[in-house]
Amino acid sequence: MKLRLSIIAALSMGLFYASCKTSEEPTSDDYDDIAAGVAAIVAGDQGSDTESMQDAVLLSDGETPEGLSTANLQGSSAGTRGSLNYSYEVHCTDFQGNLLDICDAEITDFAEISVNWDGNINTERYDATVSRDGNWTLSNLQGDTVLFNGEGSFYLESSFTGLFLQTTRTFIFDYLATYENVSYERSSGLFVDGTATFDIRAERTRSNAFSDVEAEFNVMAVITFQSDGNASIVLDGKRSYQLNTATATLTLATE
């Protein structure tokens with residue numbers, strides 16, 4: 001996955017010339033780093049929510065996603081893509097609520113999916129070790145718009161290079177995620193509505209030639225999917241980004 005960020009921000013030089021210190025309040029640079037981690041989880045070619053949700057729709061239709069093998073179309077599916085390992089459990093019911101022997105696109109109207117993936121994401125500027133567990137319900141599978149609801153958890157340990165100055169940033173993120181009516185449109189292949197809320201605990205170490213800065217803090221991220229298939233990311237209700245879900249490009253929207 002190539003994570004390309006275009007963050008229009010003014011960086012405070014004072015941070016990089018300061019002596020070691022600890023802060024419980026995230027800086028604007030911390031928010032940018034956290035947004036990068038959220039973007040990696042929400043969008044991208046591997047190890048993202050949108051990818052796993054598309055897998056879930058295929059499994060609910062009785063199809064096997066690329067790179068996975070299906071042991072039972074009403075049971076388990078697993079496989080490896082790149083450096084990530086995936087595992088799904090799926091159970092499908094029809095419009096009357098009857099449990100189906102196999103998931104079938106012609107009759108499946110509701111599905112319950114458990115998802116797990118773990119491994120490494122490595123790009124030119126961004127390296128991460130990730131693990132993810134979650135449970136979704138998929139409704140309206142006979143319609144064009146499939147609705148996702150549920151919850152999940154993430155663990156992400158990442159190291160990446162600063163955008164404008166030669167800094168090395170190491171983050172450990174623990175996420176608790178909630179999904180409310182995230183809408184996948186079959187005809188367009190886009191996620192066009194709904195929200196995902198990430199309750200994030202972050203530990204950060206940032207190093208350069210002048211100082212090391214360490215901190216631990218909590219951040220609330222609200223991801224809102226938009227009708228054009230992109231998404232907004234708002235951190236703590238005050239710092240906003242625009243995410244192109246097709247390219248994983250992140251742009252700072254407001255200070």
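The values are calculated or read from the model by the stated rules, or taken from the named source; none is laboratory data. Source: prediction; values computed, not measured. Here Cβ is always computed from backbone atoms with ideal geometry, including for glycine, and neighbour counts include all displayed protein chains. These area figures cover heavy atoms from the full protein model, side chains too; ligands, DNA and RNA do not enter into them. Shrake-Rupley method; radii C 1.70, N 1.55, O 1.52, S 1.80 Å.
Across region 162-184, which residue is modelled with the lowest pLDDT among those that are open to solvent by 50 Å² or more (accessible area, probe 1.4 Å) and touching a strand residue (DSSP E or B) at 6+ places or on another chain (Cβ under 9 Å)?
To start, the set of residues in region 162-184 that are open to solvent by 50 Å² or more (accessible area, probe 1.4 Å) comprises 163-166, 168, 170, 176, 178, 180-181.
Still in the list and also touching a strand residue (DSSP E or B) at 6+ places or on another chain (Cβ under 9 Å): 163, 168, 170, 176, 178, 180-181.
Details: Leu163: 47, Thr168: 68, Thr170: 81, Leu176: 93, Thr178: 97, Glu180: 97, Asn181: 97.
Among residues in region 162-184 that are open to solvent by 50 Å² or more (accessible area, probe 1.4 Å) and touching a strand residue (DSSP E or B) at 6+ places or on another chain (Cβ under 9 Å), the one modelled with the lowest pLDDT is Leu163.
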Here are the criteria: (1) of a type outside the set (Lys, Arg); (2) more than 29 Å from Ala202 (Cβ to Cβ); (3) at pLDDT 90 or above. Tell me which single one Asn116 does not satisfy.
(2)
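Among the residues of region 227-246 satisfying the criterion of being in a loop (DSSP other than H, G, I, E, B) and open to solvent by less than 50 Å² (accessible area, probe 1.4 Å), which is nearest to Ala43 (Cα to Cα)? So that I can check it myself, show each step before the final result.
Restricting attention to region 227-246, the residues satisfying the condition of being in a loop (DSSP other than H, G, I, E, B) are 227-230, 236-238, 245-246.
Next, only the ones that are open to solvent by less than 50 Å² (accessible area, probe 1.4 Å) stay: 229-230, 245.
Numbers: Gly229: 11, Asn230: 10, Thr245: 5 Å.
Once the filter is applied, the top-ranked residue is Thr245.
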Pairs, please: C-beta under 6 Å, at least 6 apart or cross-chain, first residue farther than 15 Å from Ser159 by Cα and among the acidic types (Asp, Glu) and in region 25-51, second open to solvent by 10 Å² or more (accessible area, probe 1.4 Å) and modelled with pLDDT under 85?
Asp45/Met1
